[in-house]
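Written out below as structure tokens is the structure these notes cover.
The values are calculated or read from the model by the stated rules, or taken from the named source; none is laboratory data. Remember, predicted model here, so these are calculated numbers, not experimental data. Reconstructed Cβ throughout: ideal geometry from the backbone, glycine too, with neighbour counts over all protein chains shown. Ligands, DNA and RNA are excluded from the accessible area calculation, which covers all protein heavy atoms including side chains. Shrake-Rupley method; radii C 1.70, N 1.55, O 1.52, S 1.80 Å.
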Amino acid sequence: MDQGLPNPEAAERVTSREQDAVRLLLLVDGACEPVSDLERADPGLGSAVGVVRTQVRLQKLDFWLRNPDYLADELLTKYEASAEARLLELAGQILDSEEPEVRRYPMLRHHFGAYEPLDDALAVLRSAGLVARRRRGTVDRVRQHDYFLLTAGRTVAREVIRQAPAFQYYVDRVGLVLDLADGRGGSQLKKQQYLQREYAAAARGDRIGSVSVRARARLEELRRQARDGEAGDHG
């Protein structure tokens, strides 16, 4: 993967290694799928309780988690396709608040879409025995990274929420992100995210710009259409 440096002129809000570690732990906890008996036979995975497969999928889920403006805009896209009022309401809850500004942590744009180095945060989790990573492929070419949640990781994830309820935000958002992802793999999520012009137009190595202004305007237009539709139904 391209490791080019970001444009220093790009808008940038960065997270600490500890913030990244907690967010990733809660993301892996919420997004993991069952582990096979064959995988659990690995000496380091005997206590594994779940796995998130491929770094691409982890990065794309993390993108929506770190960028509430993009998450809300995707909810609007899904609302337009389904007319499910709940989706408009959820997008409104995000865009009517300061969440797109306060909770937004931009990611870099690389060959495979949104990307942020995970090694430092994962090192915190791995050294504490909370998460294990396994590579697939050959010595010369790594084809895939898988991220296993260990029993201790699940315990700590639950304890974090109990001791610091503010982190429930990430648990709730992970649920929303997974609902939006609808079981799609990393490559499919990448294609979906590239449909956003700000995402696709970002230069490689730059931070991906916000869509909050456009998303809020879109929200108001969809609300207006919904009101007009209700007025027509009662006319």
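For segment 174-185, a residue qualifies if it is open to solvent by 70 Å² or more (accessible area, probe 1.4 Å) and in contact with a Gly (Cβ under 9 Å, 6 or more places away or on another chain), but none of them does. Inside segment 86-104, residues that are within 16 Å of L65 (Cα to Cα) and in contact (Cβ under 8 Å) with a residue 60 or more places away in the chain make up a count of 7. The criterion of at least 1 residues that are among the hydroxyl-bearing types (S, T, Y) and in contact (Cβ under 8 Å) with a residue 12 or more places away in the chain is met, among helices (runs of 4 or more DSSP H) falling completely within segment 117-206, by 151-163, 168-181, 186-194, 197-201. Pairs are defined by a Cβ separation below 6 Å, a sequence spacing of at least 6 or placement on different chains, a first member in segment 209-235 that is in contact (Cβ under 8 Å) with a residue 40 or more places away in the chain, and a second member that is among the charged types (D, E, K, R); the pairs so defined are G209/E198; S210/D69; V211/D69; V211/D73; V211/E198; S212/D69; A215/D69; A215/D73. L219: of a type in the set (A, V, I, L, M, F, W, C), within 24 Å of R66 (Cα to Cα) and more than 17 Å from the chain's Cα centre (by Cα), yes or no? In short, yes.
This table checks each residue for (1) modelled with pLDDT under 95; (2) crowded, with 17+ Cβ neighbours inside 10 Å.
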| position | (1), (2) |
| --- | --- |
| D120 | yes, no |
| G129 | no, no |
| A132 | no, yes |
| R135 | yes, no |
| R143 | yes, no |
| F148 | no, yes |
| V156 | no, yes |
| D172 | no, no |
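Each residue in segment 203-221 was checked for being touching a Lys or Arg at 6+ places or on another chain (Cβ under 7 Å) and open to solvent by 60 Å² or more (accessible area, probe 1.4 Å), and 1 pass. In a residue-by-residue description of segment 186-202, the property of being surrounded by 12 or more Cβ atoms within 10 Å (Cβ to Cβ) and under 24 Å from R126 (Cα atoms) applies to at least one position. Under the condition of being buried (at least 20 other Cβ atoms within 10 Å of the Cβ) and assigned to a loop (DSSP other than H, G, I, E, B), the residues counted in segment 36-51 number 0. Each residue in segment 52-111 was checked for being assigned to a helix (DSSP H, G or I) and either within 22 Å of R204 (Cα to Cα) or of a type outside the set (K, R) (or both), and 40 pass.
So which of G92, G50 ends up being at pLDDT 95 or above and either touching a strand residue (DSSP E or B) at 6+ places or on another chain (Cβ under 7 Å) or over 21 Å from V213 (Cβ atoms) (or both)?
G50
Looking across segment 93-118 at every residue that is open to solvent by less than 10 Å² (accessible area, probe 1.4 Å) and in contact with a helix residue (DSSP H, G or I) (Cβ under 6 Å, 6 or more places away or on another chain), the one that is farthest from V49 (Cα to Cα) is identified as L95.
Quick check on segment 222-235. Is at least one of its residues open to solvent by 40 Å² or more (accessible area, probe 1.4 Å), farther than 20 Å from L108 by Cα and outside any helix (DSSP H, G or I)?
Looking for residues that are open to solvent by 40 Å² or more (accessible area, probe 1.4 Å), farther than 20 Å from L108 by Cα and outside any helix (DSSP H, G or I), one finds at least one in segment 222-235, hence yes.
Which count do you get for residues in segment 75-91 that are surrounded by fewer than 23 Cβ atoms within 10 Å (Cβ to Cβ), more than 13 Å from A226 (Cα to Cα) and of a type outside the set (S, T, N, Q)? Residues flagged as surrounded by fewer than 23 Cβ atoms within 10 Å (Cβ to Cβ), more than 13 Å from A226 (Cα to Cα) and of a type outside the set (S, T, N, Q) within segment 75-91 amount to 3.
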